[in-house]
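Student: Okay, handing you the structure first.
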Amino acid sequence: MYKKIFNITVLPGDGIGPEVVEQAVRVLETISASSADFELKLSSHDFGGCAIDSTGQALPDSTLKACQGADAILMGSVGGPKWSSGKVRPEQGLLTLRKTLGLYANIRPASFASSSLVDISPLKPEIAAGTNIIVVRELIGGLYFGERKEQDVGPNPDTAWDTMVYSVEEVKRITRVAAKIALAANPPLPITSVDKANVLASSRLWRKVVTETLKEEYPQLKLEHQLVDSAAMIIVANPKKLNGVILTENMFGDILSDETSVLVGSLGLLPSASLAGAPKTDFAPGEKPPSGLYEPIHGSAPDIAGQGIANPIGTILSAAMLLRYSLGLEKHAQAVEAAVRKALDSKANGGLGLRSRDLGGASTSREIGDSIRPAAAGPFSTMVVMLLALLLAFLALPCILLPEQIWNAFNVGDDANHYGLTDMNLVALRNPVRESGPPVCMAKLIMLRHKVLLVLARVSRFELKLFIEL
């Protein structure tokens, strides 16, 4: 059977990056192993500070080549005090990667992964509950990529400056991304465009182009404008007022998305996607989705690196966004999100109630990953695992009971002599099962009370086919 192959480049990065990425990779490997339709091939590469140590470059050529050839990129975190004063900094590699791949659209959702986390928010529960904001940030323009001059350089050594430049086309394309995200919801989400149009010329251009683009191309969407300082105040005073999509430029989006992330409990909970085009959840045959880089929004946290206590949920949810936006695997993305929700939900609500240290608990990175990984494969795969476990228990019976006891329990009579421990072949069990005895109770459990279990085992070829007729 043909399997579609997806190539995923993994960039663990620095600090806690390798620890949180490890758990997300384990989730993806579980999903891949449980699928008959596709395979996820993951390859790890140096990036950031660790790459500076090994190659002198934050983004080595081999890593860039792997990213350019991948269907998606999963990243941990980069940077740390070790590299903060060098000529080459880890963050430069990230900016170069975004620019080279054309990753102009950054998507950062801020909502409660579990309703049980409302009490962890720094805001009062009645204010924080129901917050559901998606920040869409233009990622490769504006102040971070404009022309600049450092102090002690040039004819004016006592000055330093940066420039913020935006073109009409840059604003149009990010506006379309925000519109597509708004339209994906039912009903469509309102859009709040954030700028500083009362002071900045680039913001006046931004406001004009956003207004015209939505009016001409997406007239069904509701649009409001907010100045960035006003938006920052609303986020902490009444965040639900901004529920929907916040559309903004690079620097404002960097700041506001970090602010919204705190509302829902911790930076460690939230994912992000950086895309080279508008996200889609359905792809035509042969259509290639836009390039995407997926990462948690938290930093490298060098103070807790290596302790195994970092919260991996933001990275795992980033993997869910990867499945959705770059691979078109919506059901698998939903399964991961449901598994995360169950891990975080309180025990009173049927969840596991896990809490990492940033959430006031003591769960380790691996414990959280272990709780999410099996359920992330989806309900079908979970059922298969359960059935295989029952089958293995059934196959183990000859190692515990005498062959005569087993076959007599199933009323196969003299034919039992044909089946020995060394043969290890199983027949279709067609006769009624006796009503008493320990072997019979085990048989009843596996056969689901008098249902027919047909097993064909060819151990010599390491093949196993299981047919269950209910």
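Student: Need one word for segment 1-85: rounded, prolate or oblate. Basis is the Cα gyration tensor (sqrt eigenvalues a ≥ b ≥ c); a/c below 1.5 gives rounded, then a/b vs b/c decides.
Tutor: oblate
Student: While we're on this one: Lys99 versus Glu147, label points 7 Å from Cα toward the beta carbon: distance in nm?
Tutor: Here the modelled spin labels are 1.4 nm apart.
Student: Give the Kirkwood hydrodynamic radius (Å, one decimal) of segment 165-228, defined as one over the mean of 1/r across all pairs of different Cα atoms.
Tutor: 11.9
Student: Also: Would you mind telling me the antiparallel percentage of the DSSP bridges in segment 1-137, rounded to 5? Before the final figure, lay out the partial values.
Tutor: Details: 6 of 18 bridges.
Approximately 35 percent, going by the DSSP bridge assignments.
Student: Name the aspartates and glutamates eligible as straight-distance cross-link partners of Lys215: C-alpha to C-alpha under 14 Å, and not fewer than 8 places from it in the same chain.
Tutor: Answer for Lys215, where 14 Å is the Cα cut-off: Glu224, listed by chain and number.
Student: If each of Glu126 and Glu287 carries a label point 7 Å out from its Cα toward its Cβ, how far apart are those two points in nm?
Tutor: Taking the two extended label points, one gets 4.6 nm.
Student: Let me make sure I get this right: for segment 180-302, a, b and c are the square roots of the gyration tensor eigenvalues over alpha carbons, sorted descending. Under 1.5 in a/c it's rounded, otherwise prolate if a/b > b/c, else oblate. Which is it? The partial results should precede the final answer.
Tutor: Working: a/c = 1.57, a/b = 1.04, b/c = 1.51.
Note, shape of segment 180-302 comes out oblate.
Student: Under 14 Å Cα-Cα from Lys82, which aspartates and glutamates qualify once same-chain neighbours fewer than 8 residues away are excluded?
Tutor: Output for Lys82: Asp14, Asp53, Glu91, Asp303.
Student: Among Ile140, Thr213, Met233, which residue has its Cα positioned farthest towards the positive end of the charge dipole of segment 122-263, with +1 placed on the Cβ of Lys and Arg, -1 on the Cβ of Asp and Glu, and the dipole taken about the Cα centre?
Tutor: Toward the positive end, the furthest listed residue is Thr213.
Student: Too long at a 22 Å Cα-Cα cut-off: which of Lys222/Lys331; Lys99/Lys196; Lys65/Lys288; Lys3/Lys342; Lys124/Lys222?
Tutor: The pairs that break the limit, which is 22 Å between Cα atoms, are Lys222/Lys331; Lys99/Lys196; Lys3/Lys342; Lys124/Lys222.
Student: Ranked from highest to lowest mean number of other Cβ atoms within 10 Å per residue, what is the order of the peptides 264-276, 339-351, 106-118?
Tutor: Result, highest mean Cβ count within 10 Å first: 264-276, 106-118, 339-351.
Student: Could you tell me whether segment 136-247 comes out rounded, prolate or oblate from its Cα gyration tensor? Rule is a ≥ b ≥ c as square roots of the eigenvalues, rounded for a/c under 1.5, then prolate if a/b exceeds b/c, otherwise oblate.
Tutor: prolate
Each value in this text was obtained by applying a stated rule to the coordinates, not by laboratory testing. Just so it is clear, the structure is predicted and the values come from calculations on it, not from any experiment. Don't worry about glycine lacking a Cβ; one is built from the backbone with ideal geometry, like all the others, and counts go over all protein chains shown.
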